[in-house]
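Below you'll find the structure, written out as structure tokens, and then a few comments.
Each value in this text was obtained by applying a stated rule to the coordinates, not by laboratory testing. Keep in mind the model is a prediction, meaning the values are calculated, not measured. Because the Cβ atoms are built from the backbone with ideal geometry, glycine has one as well, and the counts that use them run over all protein chains shown.
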Amino acid sequence: MYEIQHLIDGHTVTGSSGDTGPVFDPATGEQTAKVALASAAEVDAAVASAKAAFDEWGGVSLARRTKLLLAFRNLVVDNSDEIAQRLTAEHGKVLDDARGEVARGIENIEFSCGVADALKGTHSEQASSGVDVYTVRQPLGVVAGITPFNFPAMVPMWMFPNAVACGNTFVLKPSERDPSAPMFVAELFQEAGFPPGVLNVVNGDKVAVDRLLEHPDVKALSFVGSTPIAKYVYASATAHGKRAQALGGAKNHMVVLPDADVEMAADAAVSAAYGSAGERCMAISVVVAVGDVGDQLVDAIKVRMEKLVVGPGTDPGSEMGPLITREARDRVAGYVQAGADAGCEVVVDGRDQAFDGDGFFLGVTLLDHVTTDMSVYTDEIFGPVLSVVRADSYADGVQMIRDNPFGNGAAIFTRDGGAARQFQRDADAGMVGINVPIPVPVGYHSFGGWNDSAFGDTTMYGPEGLRFYTRPKVLTSRWPDPSTSSVDLGFPRND
Ligand code: NAD
């Protein structure tokens with residue numbers, strides 16, 4: 001069986017631990033590959049390679065870094081289809097969705113190509129007589145990235161292009177569920193001409209993560225995944241004296257006001273709740289229907305759900321694929337039952353849809369009259385389940401968002417400019433959409449939530465990403481009075 005190894009110092013390396021994890025095709029339920037699970041020894045080798053590479057890479061000119069990043073960007077563009085196919089094969093998302101993921105990753109590489117402009121620093125001339133003060137931003141050294149299963153190509157590209165653009169070297173630990181796409185992207189990075197060791201990939205699980213967390217040569221750590229692990233990673237990394245940013249889970253609300261365009265809101269709710277089988281940290285999982293809009297909105301969502309085609313991601317007719325694992329599928333189905341038991345109305349029950357074969361498929365579910373004490377409301381389900389909560393007023397909707405511990409994204413649907421503008425201020429979330437259900441920032445802004453959706457004080461990619469991957473150095477210089485110079489400067493001083 002095909003075995004996915006590590007990429008260390010520019011070479012494919014077989015793991016010494018002998019441990020492997022299974023990789024499935026979620027559309028068939030079959031195991032298609034094994035992935036090596038690193039022991040501390042592989043992590044140490046990857047960090048040592050990155051440390052050695054940093055000695056030179058940290059001083060490589062901005063012009064050369066940019067050329068290599070542009071070459072990498074072009075290779076990713078040329079191989080987009082291959083990356084997308086790998087995503088569909090191991091994650092299950094439909095090919096269109098997979099192509100979208102690659103496109104968002106490319107946006108981040110393109111941003112990193114502009115690093116020369118972004119890292120210009122600041123300069124204060126003549127702060128005192130003959131004294132100049134200037135600030136430069138320098139790389140940190142070896143930095144690590146730990147990424148989740150749901151965007152196996154894009155999330156690594158949120159991190160390492162910006163990190164290496166700033167002069168760091170990188171160790172990536174992708175999700176063990178779908179490692180082929182990030183491995184292929186790392187191979188393209190090598191092919192672009194980066195020196196060995198600038199980007200290393202260690203596949204693995206908690207063992208690899210824990211070694212990265214404690215390794216004295218890892219200076220900073222970027223994490224994206226679930227909230228409990230984000231909390232753990234942030235606490236452990238900072239306790240080990242590292243700079244850390246850790247993005248966690250979500251429960252994103254979409255408030256629909258009575259004046260909203262209901263057809264537009266229903267389209268948005270369906271694509272944002274069920275796209276990628278709801279396995280997106282920016283998925284909408286709660287619709288807050290304000291006032292009398294609820295019945296009409298639920299009907300409009302239901303009509304659209306009946307037409308939604310669930311099937312293998314490789315089938316061009318499919319609009320939603322399977323879940324990542326059998327366990328994930330069963331867990332999500334368990335939430336539908338918990339909602340029914342708690343007394344909400346199951347308008348569409350995804351468990352009723354039958355599928356041929358052993359794929360990890362589940363149909364789409366719509367729950368109405370959900371209340372905030374139910375587990376379908378309190379927990380991140382991470383599957384194709386949308387809950388509708390009825391609210392009497394705009395203020396009740398906003399209060400719900402504020403009371404929820406997560407704070408990744410929030411959206412409002414309305415035609416009222418004043419209400420929309422007020423929501424911008426009121427929503428307790430890091431990314432807010434006005435008539436946009438999934439407000440993922442473009443690559444030249446930065447991505448990150450609030451509250452239990454993110455730990456650390458910088459968000460990811462864009463300008464905040466560059467800030468995270470560099471540290472400021474302030475230089476103060478004084479030169480002798482020009483009149484004492486041994487060179488005749490030819491004209492008088494001007495101060
Ligand atoms: P996860 O937390 O299970 O895993 C994330 C990473 O942590 C993986 O690389 C995994 O190997 C590692 N890991 C898992 N358990 C660990 C442990 N006990 N100790 C150390 N490391 C461990 O998350 P997932 O299931 O891969 O991804 C889905 C989650 O990620 C969802 O909660 C989703 O909301 C979140 N997510 C958040 C964002 C965001 O930007 N906020 C983006 C994508 C996904």
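Gap in Å between the Cα centre of the range 268-298 and the Cα centre of the range 1-73?
First find each Cα centre; the distance between them is then 37 Å.
What ranking of 374, 1 emerges when the number of other C-beta atoms within 10 Å of each C-beta is taken as an exposure proxy, fewest first?
1, 374
Which whole-number percent of Cα pairs in the chain have a distance greater than 29 Å? Display every interim value, and only then the final one.
Values: 64495 of 122265 pairs.
Considering the chain, 53 percent of its Cα-Cα pairs are separated by more than 29 Å.
Find the relative contact order for the range 252-434 and round it to a whole percent, using C-alpha pairs within less than 8 Å whose residues are 6+ positions apart. Spell out each step's value before the answer.
Details: 355 pairs, mean separation 50.5, N = 183.
RCO, the range 252-434: 28 percent.
Pop out the ³J(HN,Hα) list for the range 204-209 in order, Karplus 6.51 cos²θ - 1.76 cosθ + 1.60 with θ = phi - 60°, rounded to Hz; leave Gly and Pro as x.
Running phi through 6.51 cos²θ - 1.76 cosθ + 1.60 with θ = phi - 60° gives x, 10, 4, 4, 5, 4 Hz.
Could you pull out the chymotrypsin sites (Phe, Trp or Tyr not before Pro) across the range 1-64 that fall in loop regions by DSSP (anything but H, G, I, E, B) with no more than 11 other Cβ atoms inside 10 Å? Could the numbers behind the result be given before it?
Working: sites: 2, 24, 54, 57; in loops: 2.
In loop regions of the range 1-64 (DSSP not H, G, I, E or B), the sparsely surrounded chymotrypsin sites (Phe, Trp or Tyr not before Pro) are 2.
Could you work out the relative contact order of the chain? I mean the mean sequence separation of Cα pairs under 8 Å and 6+ apart, divided by the number of residues, in percent. Before the final figure, lay out each step's value.
Numbers: 1161 pairs, mean separation 88.8, N = 495.
About 18 percent, as a whole number.
Could you tally up the Lys pairs in the chain with alpha carbons closer than 15 Å? Skip any pair fewer than 8 positions apart unless they're on separate chains. Show your work: numbers first, answer last.
Numbers: 51/219; 120/473; 173/206; 206/231; 219/242; 231/242.
Taking the Cα cut-off of 15 Å, the pair count is 6.
Add +1 for every Lys or Arg and -1 for every Asp or Glu among the other residues with Cβ under 14 Å from the Cβ of residue 241, and state the total. Could the numbers behind the result be given before it?
On the way: positive: 219, 242, 243, 471; negative: 214, 217.
Neighbour charge sum, excluding residue 241 itself: +2.
Binned at 10 Å from 0, what are the whole-percent values of the Cα-Cα distance distribution for the range 221-353, short to long?
Final binned percentages: 11, 32, 32, 18, 7, 1.
Restricting to DSSP loop positions (anything but H, G, I, E, B) with no more than 16 other Cβ atoms inside 10 Å of their own Cβ, which trypsin sites (Lys or Arg not before Pro) remain in the range 342-438?
Working: sites: 351, 390, 402, 415, 421, 425; in loops: 415.
For trypsin sites (Lys or Arg not before Pro) across the range 342-438 that sit outside H, G, I, E and B with at most 16 neighbouring Cβ atoms in 10 Å, the list reads 415.
Can you give me the distance in nm between label points at residue 61 and residue 30, each placed 7 Å from the Cα along the Cα-to-Cβ direction?
5.3 nm
In angstroms, what radius of gyration and Dmax does the range 371-420 have, counting Cα atoms only?
Final numbers for Rg and Dmax: 12.1, 34 Å.
Out of every Cα pair in the range 252-434, what percent are spaced more than 24 Å from each other? Don't skip to the end; give the middle numbers.
On the way: 5471 of 16653 pairs.
Above the 24 Å cut-off, the range 252-434 has 33 percent of its Cα pairs.
Which trypsin sites (Lys or Arg not before Pro) in the range 90-185 sit in a loop by DSSP (not H, G, I, E or B) and have at most 12 other Cβ atoms within 10 Å of their own Cβ?
Details: sites: 93, 99, 104, 120, 137, 177; in loops: 93, 120, 177.
Those satisfying the criteria are 120.
Relative to the compact globular guide of 2.2 N^0.38 Å, what is the alpha carbon radius of gyration of the range 343-386, as a ratio? Show your work: numbers first, answer last.
On the way: Rg = 11.9 Å, N = 44, 2.2 N^0.38 = 9.3 Å.
Dividing the Cα Rg of the range 343-386 by 2.2 N^0.38 Å gives 1.28.
Charges at C-beta only: +1 for Lys and Arg, -1 for Asp and Glu. How large is the resulting dipole of the chain about its Cα centre, in Debye rounded to 20?
Dipole about the Cα centre, nearest 20: 1720 debye.
Cα convex hull of the range 339-426: mean projected area in nm², to one decimal? Numbers along the way, then the final one.
Numbers: hull surface 29.5 nm².
Dividing the Cα hull surface by four gives the mean projection, 7.4 nm².
Neighbouring Cβ atoms within 10 Å as the yardstick, rank 369, 215 fewest first.
Details: 369 17, 215 22.
Neighbour counts put them in this order, fewest first: 369, 215.
Helix-only estimate, please: 222 nm mean residue ellipticity of the chain, summing -39500 (n - 2.57) across DSSP H runs of length 4 or more and dividing by its residues, to the nearest 500. Don't skip to the end; give the middle numbers.
Values: 16 runs with 190 residues, N = 495.
Rounded to the nearest 500, it is -12000 deg cm²/dmol.
Divide, for the range 144-251, the radius of gyration over alpha carbons by 2.2 N^0.38 Å, where N is the residue count. The partial results should precede the final answer.
Numbers: Rg = 13.1 Å, N = 108, 2.2 N^0.38 = 13.0 Å.
Normalised Cα radius of gyration, the range 144-251: 1.00.
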